[in-house]
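Step one of this worksheet: look at the structure below.
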Amino acid sequence: MSRSAKKFLYALLYLGVFSLVGLSWYGLRQLGGSESAPAPSIPARLSSSASIQVVDQQIFRVGESPSAFLFGKVKNTSSEYGFRFQYSFLLYGAGGEELMQSRGEASVAPAKETLIARTEPGLSSREVESVSLQIQHAEEIPAHEFPELSFSFSREPYVEILESERAMRVRGAVRNESGTLFPEVRAVAVLRDSFGFQAFVSGTILSNLRSFSEKSFEIQVPYDAALLRAAREGGVEVYFYPVF
């Protein structure tokens with residue numbers, strides 16, 4: 001073989017070796033880069049279940065009443081959102097069996113609490129051993145879109161006792177101080193005993209509370225000896241929440 005032919009073969013050999021080394025280095029670099037690349041970040045978002053908390057749940061046992069009187073308090077820890085939510089009271093018997101579910105809807109304003117009162121006429125509270133309030137679905141409403149109800153009492157709430165009729169009710173009149181018409185408003189009355197403890201909670205719905213107008217309300221309370229004593233010696237508070 002001539003000298004020039006040998007030089008040509010050596011050049012091809014060196015070129016092949018350098019190409020092989022270069023390709024191997026590039027492949028390792030690409031492999032290392034794919035292993036060290038950070039995963040794309042997912043922005044954190046506060047869930048509604050974390051913002052809404054059930055802070056109280058109970059059943060009122062009222063004498064021989066054939067109904068179950070349920071109460072719950074829900075707190076919203078978010079100042080950015082209000083919530084419209086669905087809830088369910090789960091009622092359990094002495095053996096732990098589920099007796100029934102009492103479902104409803106309510107709302108809670110940003111960084112506020114809301115009270116829930118429900119009556120189940122088909123089940124006596126004597127049959128219920130325990131109750132659990134659960135939030136099942138919540139819809140976020142930005143704070144600036146959440147309807148606010150500003151109100152005052154044109155007639156202070158009081159408990160009316162009709163002994164001849166064996167009836168009790170909370171009466172009063174509320175004035176809508178805001179410029180918004182509310183088609184429906186939840187009114188919740190809290191009876192307290194002489195020590196300030198919660199004795200009973202009841203509620204009703206007011207319709208067409210017009211802007212800068214007042215409306216009388218009546219909230220029924222079961223006739224019961226313990227509640228009679230609380231009404232005479234204690235006091236009553238009434239809260240209003242828009243329904244939308």
Fill in: Under 5 Å, built H, 5+ apart or other chain: amide partners of Ser178
Ser150, Phe212
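Compute, for region 90-211, the length of the dipole vector about the Cα centre, with Cβ point charges of +1 (Lys, Arg) and -1 (Asp, Glu) only. Units Debye, rounded to 20.
Working: 12 positive and 18 negative charges, 97 e Å.
Computed charge dipole of region 90-211: roughly 460 debye.
Translational diffusion coefficient, Stokes-Einstein: compute it for region 76-228 using the Kirkwood radius over C-alpha pairs as Rh, at 20 °C and 1.002 mPa s, and state it as an integer in µm² s⁻¹. Numbers along the way, then the final one.
Values: Rh = 17.7 Å.
Rounded to a whole number, D works out at 121 µm²/s.
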Item to complete: Could you state how much accessible area Glu145 has, in square angstrom rounded to the nearest 10, with a 1.4 Å probe and all protein chains kept in place?
Response: 110
Worksheet, complete the sentence: If R0 = 35 Å, then Glu184 and Arg61, at their Cβ-Cβ distance, give a FRET efficiency to the nearest 0.05 of 0.75
Worksheet, complete the sentence: Residue-normalised value, i.e. accessible area per residue, for region 131-244 at 1.4 Å probe, in Å², stands at 53
Worksheet entry | Long-range HN-HN contacts of Tyr223 with modeled amide H, under 5 Å | Met168
Worksheet item: What does the accessible area of Ile135 come to, in Å² to the nearest 10, when a probe of 1.4 Å is used?
Response: 60
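For region 161-244, what number results from the quotient of the Cα radius of gyration and 2.2 N^0.38 Å?
On the way: Rg = 14.1 Å, N = 84, 2.2 N^0.38 = 11.8 Å.
Working it through for region 161-244, the quotient is 1.19.
Return the equivalent ellipsoid semi-axes of region 76-120 as a descending list in whole Å, where each equals the square root of 5 times an eigenvalue of the C-alpha gyration tensor. Provide the component values of the computation, followed by the final result.
On the way: eigenvalues 156, 22, 14 Å².
Over the Cα atoms of region 76-120, the semi-axes work out to 28, 10, 8 Å.
Only sites in a loop by DSSP and with at most 11 other Cβ atoms within 10 Å count here; which chymotrypsin sites (Phe, Trp or Tyr not before Pro) in region 196-227 make the cut? Walk me through the numbers on the way to the answer.
Values: sites: Phe197, Phe200, Phe212, Phe217, Tyr223; in loops: Phe197, Phe212, Tyr223.
The qualifying sites are Phe197, Phe212.
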Fill in: Backbone N within region 102-121 under 13 Å of label point (7 Å from Glu140 Cα along the Cβ vector)
none
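Can you work out D for region 45-163 in µm² s⁻¹ from Stokes-Einstein, where Rh is the Kirkwood radius over C-alpha pairs, the temperature is 20 °C and the viscosity is 1.002 mPa s? Can you show the working numbers first?
Numbers: Rh = 16.0 Å.
This corresponds to a translational diffusion coefficient of 134 µm²/s.
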Worksheet entry | Dipole of region 187-244 [Lys/Arg +1, Asp/Glu -1 at C-beta], most positive-end residue of Tyr223, Val236, Ser207 | Ser207
Worksheet entry | In sequence order, calculated HN-Hα J values of region 154-164 (Karplus, 6.51, -1.76, 1.60; Hz; x Gly/Pro) | 7, 9, 4, x, 8, 9, 8, 10, 10, 5, 5
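The values are calculated or read from the model by the stated rules, or taken from the named source; none is laboratory data. For clarity, every value in this text was computed on a predicted model and none was experimentally measured. Here the Cβ is made from the backbone with ideal geometry for all residues, glycine too, and neighbour counts use every protein chain on show. All accessible areas refer to the heavy atoms of the entire protein, side chains included, with ligands and DNA or RNA removed. Shrake-Rupley method; radii C 1.70, N 1.55, O 1.52, S 1.80 Å.
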